[in-house]
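Working notes for the structure below.
The values are calculated or read from the model by the stated rules, or taken from the named source; none is laboratory data. Just so you know, these numbers come straight off a predicted model, no measurement behind them. No Cβ is skipped: glycine too gets one built from the backbone with ideal geometry, and neighbour counts run over all protein chains shown. Ligands, DNA and RNA are excluded from the accessible area calculation, which covers all protein heavy atoms including side chains. Shrake-Rupley method; radii C 1.70, N 1.55, O 1.52, S 1.80 Å.
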Amino acid sequence: EAGVAQSPRYKIIEKRQSVAFWCNPISGHATLYWYQQILGQGPKLLIQFQNNGVVDDSQLPKDRFSAERLKGVDSTLKIQPAKLEDSAVYLCASSLAQGRTEAFFGQGTRLTVV
Amino acid sequence: GNSVTQMEGPVTLSEEAFLTINCTYTATGYPSLFWYVQYPGEGLQLLLKATKADDKGSNKGFEATYRKETTSFHLEKGSVQVSDSAVYFCALSPPAGTALIFGKGTTLSVSS
């Protein structure tokens, strides 16, 4: 079974530029998550989708971050404009269902904002 | 609210030593509990899980028991190997359908 695919693996941009990350979840997984992991910390949820609807985006900085999951499969996360503090690993994960279940993670995209 | 607290690292051990990484949680209702591991340069991998009180999750020699009375889910391994060097995250999945909540992670370094 193929895992969660993410691209790119690494990205370096200057502050105020824009960037986009792509995620393809495990086939059949209805729930998709984007997490931000700052160096030395645990992953923090940015947004959770159930199919193509948003379940939780309470911690997404909506003035600069946006995400979509068209057709309930692939997802993209965008940052515009980027700030230095956005430097982190962005992890995509998926699960079969919501609540009390494990999530499967991609390898992440390491973003460096200079 | 829901939260996870795990012991701060780094934890430095010699090969074949006994490992304990403490994890306690605060949750509404009865969450599922997980340990994830992150090897250098890789994504998070599920190590083990427990879905109800007194359940013991186990995998690759690691064990953790869901203790409702002490709200704990401590990770243990009887004899660590150099290849166990990684960052370990305790996490909970609330019953209400919201996403996994992670602790800050504990770095384990095992030397030969």
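Miscellaneous remarks
- Sorting A:114, A:73, B:80 by accessible area puts them as A:114, A:73, B:80; the probe is 1.4 Å, largest comes first, and only protein heavy atoms count.
- In the full protein context, the protein assembly as shown carries 48 Å² of accessible surface per residue, based on a 1.4 Å probe and ignoring ligands, DNA and RNA.
- Amide H partners (placed H, <5 Å) of residue B:17, local residues excluded: B:80
- The residues packed around residue A:17, meaning those with a beta-carbon under 14 Å from its beta-carbon, carry a net charge of +4 if Lys and Arg are +1 and Asp and Glu are -1.
- Residue mean of other protein chain beta carbons inside 10 Å, A:40-48: 5
- Order by protection proxy (mean Cβ within 10 Å, highest first), peptides A:78-88, B:97-107, A:33-43: B:97-107, A:33-43, A:78-88
- Loop trypsin sites (Lys or Arg not before Pro), region B:34-69 (other Cβ atoms within 10 Å of the site Cβ: 15 or fewer; DSSP): B:52, B:60, B:68
- Within 10 Å of the Cβ of each residue in B:53-61, the mean number of Cβ atoms contributed by other protein chains is 0.
- Computed from label points 7 Å out along Cα-Cβ, the spacing between residue B:5 and residue A:64 is 3.2 nm.
- Inter-probe distance in nm under a simple model that places probes 7 Å from Cα toward Cβ, at residue B:52 and residue B:39: 3.4 nm
- Dipole magnitude (debye, nearest 20) for the protein assembly as shown, charges at Cβ of Lys, Arg, Asp, Glu: 580 debye
- Treating each Cα of region B:1-43 as one equal point scatterer and applying the Debye formula with no solvent, the log10 of I(q)/I(0) at q = 0.22 Å⁻¹ comes out as -0.97.
- Evaluated at q = 0.14, 0.16, 0.21, 0.23 Å⁻¹, the base-10 log of the normalised Debye intensity for region B:9-104, with identical point scatterers placed on the Cα atoms, takes the values -0.50, -0.64, -1.06, -1.24.
- Cα centre as origin, Lys/Arg/Asp/Glu Cβ charges: chain A dipole, Debye: 280 debye
- Note, ³J(HN,Hα) from phi for region B:65-80, Karplus 6.51, -1.76, 1.60, rounded to Hz, x at Gly and Pro: 10, 6, 10, 6, 5, 10, 6, 10, 8, 6, 8, 9, 8, x, 8, 7
- Phi angles across region B:6-21 convert, under the Karplus curve 6.51 cos²θ - 1.76 cosθ + 1.60 with θ = phi - 60°, into 3J(HN,Hα) values of 10, 4, 7, x, x, 9, 10, 9, 8, 4, 6, 6, 8, 10, 9, 10 Hz, Gly and Pro given as x.
- Region A:1-64: trypsin sites (Lys or Arg not before Pro) falling in loop per DSSP and having at most 14 other Cβ within 10 Å: A:9, A:15, A:16, A:62, A:64
- Fraction of beta bridges assigned by DSSP in the protein assembly as shown that are antiparallel (%, nearest 5): 90 percent
- Between the residues B:1, B:86, B:65, the greatest Cα displacement towards the positive end of the dipole of chain B, with unit charges on the Cβ of Lys, Arg, Asp and Glu, is found for B:1.
- Inverting the pair-averaged 1/r between distinct Cα atoms of region B:64-112 gives 12.9 Å as its Kirkwood hydrodynamic radius.
- For region B:78-112, residues shielded by at least 20 square angstrom of accessible area compared with the chain on its own, probe 1.4 Å: B:89, B:93, B:95, B:97, B:98, B:99, B:100, B:102, B:104
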